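Encoded as structure tokens, the structure appears first; notes follow it.
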Amino acid sequence: MINQYETVFIMTPVLSEEQMKETVLKFSSFLKEKGAEIIHENYWGLRKLAYPIQKKSTGFYHLIEFKSDVAIVKELETNFKRDERVIRYLTVRLDKHAVVYNEKRRSKKEAELPKTEENAEA
């Protein structure tokens, strides 16, 4: 059964910009190869962690929203566990209300973008 999921993973802060992008690309490509439909991706940047993980207090956060089968999610999480660059991850299945909420939030952000660009030019 195809469901909609949202996964957030945190990468170790010792990665270079190139290594971080490579890690994100690895997981995005994995999902596409397995037939998952990526709906939205969002890079949150380097953020402070709520508590230290592996003696690190910050990490690179990345969110991927996608549609796929449960088996693909299990494979994705296995790959997260095997990759030493990923220090934490969380995947949740979105119910119909969360899907609608995310769509509204994305469309609202897209509507706000041109206004901020015009303000920056003025």
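The table below lists the values:
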{"quantity": "Within region 1-28, tally of residues that are among the polar types (S, T, N, Q), part of a helix (DSSP H, G or I) and over 11 Å from the mean Cα position of the chain (by Cα)", "calculated": "2"}
{"quantity": "Subset of region 3-28 that is open to solvent by less than 30 Å² (accessible area, probe 1.4 Å) and in contact with a helix residue (DSSP H, G or I) (Cβ under 8 Å, 6 or more places away or on another chain) - its residue that is farthest from Ala98 (Cα to Cα)", "calculated": "Leu15"}
{"quantity": "Extreme residue, nearest to Ile2 (Cα to Cα), among residues of region 43-58 that are in contact with a Phe, Trp or Tyr (Cβ under 9 Å, 6 or more places away or on another chain) and not basic (Lys, Arg)", "calculated": "Tyr43"}
{"quantity": "Strands (runs of 3 or more DSSP E) contained in region 29-110 and holding at least 3 residues open to solvent by less than 60 Å² (accessible area, probe 1.4 Å) and over 12 Å from Phe9 (Cβ atoms)", "calculated": "37-53, 56-69"}
{"quantity": "Residue pairs meeting the criteria (Cβ under 8 Å; at least 6 apart or on separate chains; first touching a residue at least 12 places away in the same chain (Cβ under 8 Å) and closer than 13 Å to Val73 by Cα, in region 22-51; second in a strand (DSSP E or B) and among the aromatic types (Phe, Trp, Tyr))", "calculated": "Phe27/Phe9; Leu31/Phe66; Ala36/Phe66; Glu37/Phe66; Ile38/Phe66"}
{"quantity": "Residue selected from region 75-107 under the condition without any contact (Cβ under 8 Å) to a residue 40 or more places away in the chain and of a type in the set (S, T, N, Q), by the criterion nearest to Thr23 (Cα to Cα)", "calculated": "Thr78"}
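The values are calculated or read from the model by the stated rules, or taken from the named source; none is laboratory data. These figures come from a predicted structure and were not determined experimentally. Using ideal geometry, Cβ is built from the backbone for each residue, glycine included, and neighbour counts are taken over all protein chains shown. Ligands, DNA and RNA are excluded from the accessible area calculation, which covers all protein heavy atoms including side chains. Shrake-Rupley method; radii C 1.70, N 1.55, O 1.52, S 1.80 Å.
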